[in-house]
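Remarks on the structure that follows.
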Amino acid sequence: IYMATLGGTGMRELATLNRDKSEYLKKELRKAGFRIPFDAPTFNEFVVEFPTGFEQTHKRLLDKGIVAGLPLASFYPAMAGKYLLCVTETVSRNDMDELVREIRS
């Protein structure tokens, strides 16, 4: 129903918003020193590589209600240290900035 209420123009605007937010978070994570292993343009989701030991930070953030991505190693062992992040219209710039701050701390 949600998508139907948006209509064609609304869907395009939503897609653009989600792409822009995703690209913003990728840029901020790069600036913070994290590697984005796949350099293709993204829509809502992208992969980021965090340093060894990030599992503890990931758990700490989950305990605070902050989802710092889905660890991919349990699905793809070769993707150890890589996390799938998702950005949608429900995620504010403040949320993204807070995520980057928390990951860095």
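Some notes on this structure:
- From the C-alpha gyration tensor of the chain, square roots of 5λ in Å: 26, 15, 13
- In the stretch 17-104, Cα pairs under 8 Å separated by at least six residues give a relative contact order of 33 percent.
- Every Cα-Cα pair of the stretch 3-59 was included, and the share exceeding 18 Å stands at 47 percent.
- All other residues whose Cβ lies under 14 angstrom from that of residue 16 are scored, Lys and Arg at +1 and Asp and Glu at -1, for a net of -1.
- Relative contact order (%) - the stretch 2-61, alpha-carbon pairs under 8 angstrom, separation at least six: 27
- Cβ-Cβ distance of residue 35 and residue 11, R₀ of 30 Å, FRET efficiency by 1/(1 + (r/R0)^6): the value works out to about 0.40.
- Only Lys, Arg (+1) and Asp, Glu (-1) charged, at Cβ; the chain dipole about Cα centre in debye: 240
- Most positive-pole-ward Cα, 53, 73, 37, against dipole of the stretch 17-104 from beta carbon charges: 53
- Segment residue 64-residue 98, length gained on full extension (0.36 nm per residue, minus Cα span): 11.1 nm
- Sum of side-chain charges, residue 42 neighbourhood, beta-carbon under 9 Å (Lys, Arg +1; Asp, Glu -1): 0
- Inter-probe distance in nm under a simple model that places probes 7 Å from Cα toward Cβ, at residue 52 and residue 88: 3.6
- Unsatisfied cross-links (Cα-Cα over 22 Å) in the set 26/82; 21/59; 31/64; 27/59: 21/59; 31/64; 27/59
Bear in mind that the values in this text are calculations on the coordinates, not laboratory data. The structure displayed is predicted, hence computed values, not measured ones. Ideal geometry is used to build each Cβ from the backbone, glycine not excepted, and the neighbour counts take in all protein chains shown.
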